[in-house]
Amino acid sequence: QVQLVESGGGLVQPGGSLRLSCAASRIMFSRYVMAWYRQAPGEQRELVAEIATDRRTNYADSVKGRFTIFRDSAKNMVYLQMNSLKPEDTAVYYCNAAGIGVSYWGQGTQVTVSS
């Protein structure tokens, strides 16, 4: 069974940084588009950033220039470096792996941006 395990969330002050990690197991990692989504209370889950198998990236307008997604295929890991965090970035962040006809999700990690 495919497993995606997120880590790195926590409480950070506005303007601070966090790096989220997602460890993928039981998956042909190099064949999947990896992505980070987030869901704030009362809101729909939204795409934050994604990285294709050829490492092309796509970002939500709200995080462009502040967040960076990257993947390490040797370790089956995907990361989300988040800088200049804002209170509106507060949400549960989910790792996603998307292949042909399949999509897998992690359990999520809470990110809270507050002073």
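Residues that are within 24 Å of residue 3 (Cβ to Cβ), within 15 Å of the chain's Cα centre (by Cα), open to solvent by 40 Å² or more (accessible area, probe 1.4 Å) and of a type outside the set (A, V, I, L, M, F, W, C) within the stretch 18-67 comprise 19, 37, 39, 45, 46, 50, 55, 57, listed in sequence order.
Report, by residue number, each residue of the stretch 1-39 that is among the polar types (S, T, N, Q) and either touching a Ser or Thr at 6+ places or on another chain (Cβ under 8 Å) or assigned to a loop (DSSP other than H, G, I, E, B) (or both).
1, 3, 7, 13, 17, 21, 30
Every residue, every condition in (1) in a strand (DSSP E or B); (2) over 14 Å from residue 35 (Cβ atoms); (3) small (Gly, Ala, Ser); (4) touching a residue at least 12 places away in the same chain (Cβ under 8 Å), yes or no:
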site	(1), (2), (3), (4)
74	no, yes, yes, no
84	no, yes, yes, yes
88	no, yes, no, yes
95	yes, no, no, yes
98	yes, no, yes, yes
110	yes, yes, no, yes
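The set of residues from the stretch 40-61 being of a type in the set (A, V, I, L, M, F, W, C), in contact (Cβ under 8 Å) with a residue 40 or more places away in the chain and in a loop (DSSP other than H, G, I, E, B) comprises just one member, 40. Scanning the stretch 62-72 for residues that are outside any strand (DSSP E or B) and of a type in the set (S, T, N, Q) yields one hit, 62. The residues in the stretch 4-17 that are open to solvent by less than 30 Å² (accessible area, probe 1.4 Å) and in contact with a Leu (Cβ under 8 Å, 6 or more places away or on another chain) can be counted, and the count is 4. Of all residues in the stretch 80-115, those satisfying the criterion of being surrounded by 12 or more Cβ atoms within 10 Å (Cβ to Cβ) and charged (D, E, K, R) are 86, 89. Take the conditions touching a helix residue (DSSP H, G or I) at 6+ places or on another chain (Cβ under 9 Å) and either under 19 Å from residue 1 (Cα atoms) or open to solvent by 50 Å² or more (accessible area, probe 1.4 Å) (or both) and apply them to residue 77. Does it pass? Answer is yes for this residue.
Any residue in the stretch 100-113 that is touching a helix residue (DSSP H, G or I) at 6+ places or on another chain (Cβ under 8 Å) and at pLDDT below 95? The answer is no; no qualifying residue exists.
The values are calculated or read from the model by the stated rules, or taken from the named source; none is laboratory data. Values in this document were obtained by computation on a predicted structure and should not be read as measured data. Because the Cβ atoms are built from the backbone with ideal geometry, glycine has one as well, and the counts that use them run over all protein chains shown. SASA here: full protein model, heavy atoms, side chains in, ligands and nucleic acids out. Shrake-Rupley method; radii C 1.70, N 1.55, O 1.52, S 1.80 Å.
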